[in-house]
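Report on the following structure.
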Amino acid sequence: MTHCLVVDDDPEIRTSLQNLLQRFDMTVTAAADGRETRACLETESYDVVVLDLMLPDENGLELCRWIQQHHDVPVIMLTAHGDPASRVLGLETGADDYLGKPFEPRELVARIHALMRRIRKRDNPSELPPKDRVRFAEWSFDRIRHELTSPKGVVISLSRAEHRLLSAFVDRPGRVLTRDQLIELTRAPGVDVNDRSVDLAVSRLRQKLEQASKQQPLIRTMRGEGYLFDTKVQK
């Protein structure tokens, strides 16, 4: 279970974030300022710190720098300053991710999950990377070239969004993936991924998969659940 330290001087925001993250099976500790944050980190270990930039007793950037120097814990910075300069400064200070206020609550959850996945991959380097080329239903998918080759040998280019989506599907064949899961799996730096963009990417990818073949759809819509990549994958 992920243990989050939420740092924000606004009691309503702290309570809201605490309730949100707990609904997603996370353990949450809240701190109102830099002093409480330092005390929490000195007495307990955390998987991630969600840190507000503006604190009453300390600059969030300075606190982020201290956390990076003294504790091996990733930081997601929250701030009302969404301009590029503030974002760059926060990341250069040591933050692992950056989210401007106001934000979609599920996006914060998705970013925490994505950060935890990156940490697990970093800590488990023995895990095999995905194959550069995979096959399914007589199709060939080249991850490096972002290309699909149909059963008839037609080469079809993929956009970045379609490439990320197909990669998520071929890595999890036969599994129903919810929109929230696909948002997490297809997120990229500087790219806004939401329910609508996932649906559009699925629609475009379906069209390309059906250009050279009118077989049973490879991507099935599971009403009320999400999407299913309904075929076997050879890696």
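Given R₀ = 25 Å, what would the calculated FRET efficiency be for residue 138 paired with residue 114, taking r from the Cβ atoms and rounding to 0.05? Can you show the working numbers first?
On the way: r = 33 Å, r/R0 = 1.31.
Between residue 138 and residue 114 the formula returns 0.15.
Note: relative contact order over segment 133-234, using C-alpha pairs below 8 Å and six or more positions apart, is 32 percent.
Could you work out the relative contact order of the chain, using alpha carbon pairs under 8 angstrom and six or more residues apart, expressed as a whole percent?
Working: 345 pairs, mean separation 30.3, N = 235.
Relative CO of the chain lands at 13 percent.
The alpha carbon gyration tensor of segment 3-123 gives principal lengths a ≥ b ≥ c with a/c below 1.5, which makes the shape rounded.
What does the charge count near residue 144 come to, summing +1 for each Lys or Arg and -1 for each Asp or Glu among other residues with Cβ under 9 Å from its Cβ?
Working: positive: 133, 143, 145; negative: 132, 142, 147.
For residues surrounding residue 144, the net value is 0.
Counting other Cβ atoms within 10 Å as a rough exposure proxy, the listed residues 222, 77 run 222, 77 from fewest neighbours to most.
Could you list 163, 146 so that the one with the fewest beta carbons within 10 Å of its beta carbon is first and the one with the most is last? Can you show the working numbers first?
Details: 163 21, 146 17.
Placing the least packed residue first, the sequence is 146, 163.
Here the extension length gained between residue 42 and residue 204 equals 53.3 nm, from 0.36 nm per residue of separation less the Cα-Cα distance.
Using the Cβ of residue 157 as centre and a radius below 15 Å, the other residues enclosed give a net charge of +3, where K and R count +1 and D and E count -1. Sorted ascending by nearby beta carbons within 10 Å, beginning with the fewest, 26, 1 become 1, 26. For residue 58, the residues whose modelled amide H falls within less than 5 Å of its own, excluding neighbours fewer than 5 places apart on the same chain, are 34.
By the helix-only formula, in which each DSSP H run with n ≥ 4 contributes -39500 (n - 2.57) and the sum is divided by residues, the chain has a 222 nm mean residue ellipticity of -13000 deg cm²/dmol. Considering all different alpha carbon pairs of segment 133-234, the Kirkwood hydrodynamic radius works out to 13.7 Å. Proximity of backbone amide H atoms, modeled 1.01 Å from N, is registered between residue 143 and 133, 134 at under 5 Å, excluding neighbours fewer than 5 places apart on the same chain.
Values in this text are rule-based calculations from the coordinates and carry no lab data. The structure displayed is predicted, hence computed values, not measured ones. No Cβ is skipped: glycine too gets one built from the backbone with ideal geometry, and neighbour counts run over all protein chains shown.
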